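Participant: This is the structure, below, for whatever I ask next.
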Amino acid sequence: CQMLLSRCRSLSEMKRISRLLPSSNGSFLPPSISSYSNPVETRRPIFHFVGSLFMENNIEAIKEYLSSVHPYINDRRYELWIAGRVDRKENLDFLNHYSSGLMENVRVFESPDSLKEIYEQARLFVNPALDSAGVKMKVLDAISNGLGVVSSADGVEGLVEPGGDSPICICDSTESMVTSINRILPDSSLCLNMARKSQLWYRDISDFRFP
């Protein structure tokens, strides 16, 4: 009798292996976070997204957010900050299709040398991903940098099981994302509490011990 022991980088990967190889002994091995920044209570309701701005999946996610979520955020002080690597100017052409009125509270940081100051000024992190593939490292980066996370279900696929218990605010539609952001973003104390709970949660699930 031969037993296959699998160390899986995402929950979905572990489930796929278990379905294909029922005799396998799979376990979820989360990516490690080497250090955490202490969450702080920020004054301005800034929402942050980070991702390579030449990748089609990130572009489509930003388009969906700008069209279906961004116009319906009630807080007049709200800003959306988008940061990501750009390999040529044409990467940002898709933003030209939006009106100046819609984009007046959107800031784009092209290929920033560091994300540290951007993370420090943001209140929440958004991940409106429309597809799923493994663990979304951008979510873990946000948590390690002291931000709470509002995400689509696809945005945390591989990290949080459907219906699973986590402090990440998971939205199954753009409508629910609008509702969640309007509830959470104006409350700096709630955002701070989400960030603290997220760090404690991930410390707990990533405290893996090999048998």
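Participant: Please list, in order along the stretch 75-80, the HN-Hα scalar couplings obtained from phi with the Karplus expression 6.51 cos²θ - 1.76 cosθ + 1.60 (θ = phi - 60°), rounded to whole Hz, x for Gly and Pro.
Facilitator: 5, 5, 8, 4, 10, 10
Participant: Assigning unit charges at the beta carbon (Lys, Arg +1; Asp, Glu -1) and nothing else, what dipole magnitude in debye, to the nearest 20, does the stretch 28-164 show about its Cα centre? Mind dumping the intermediate values first?
Facilitator: Values: 13 positive and 19 negative charges, 87 e Å.
Approximately 420 debye in magnitude.
Participant: Now a separate question. If amide H atoms are built 1.01 Å from N in the plane of the peptide, which residues on other chains or at least 5 residues away come under 5 Å of the amide H of residue 85?
Facilitator: Correct list: 51, 52, 53, 111.
Participant: Turning to a different aspect of this structure: At 1.4 Å probe size, with no ligands or nucleic acids counted, give the accessible surface of residue 67 in Å², nearest ten.
Facilitator: Accessible surface of residue 67 is approximately 60 Å².
Participant: Where a Cα-Cα gap under 24 Å defines reach, which lysines qualify for residue 63, not counting those fewer than 8 residues away within the same chain?
Facilitator: Qualifying lysines at Cα under 24 Å: 89, 136, 138.
The values are calculated or read from the model by the stated rules, or taken from the named source; none is laboratory data. Keep in mind the model is a prediction, meaning the values are calculated, not measured. Because the Cβ atoms are built from the backbone with ideal geometry, glycine has one as well, and the counts that use them run over all protein chains shown. SASA here: full protein model, heavy atoms, side chains in, ligands and nucleic acids out. Shrake-Rupley method; radii C 1.70, N 1.55, O 1.52, S 1.80 Å.
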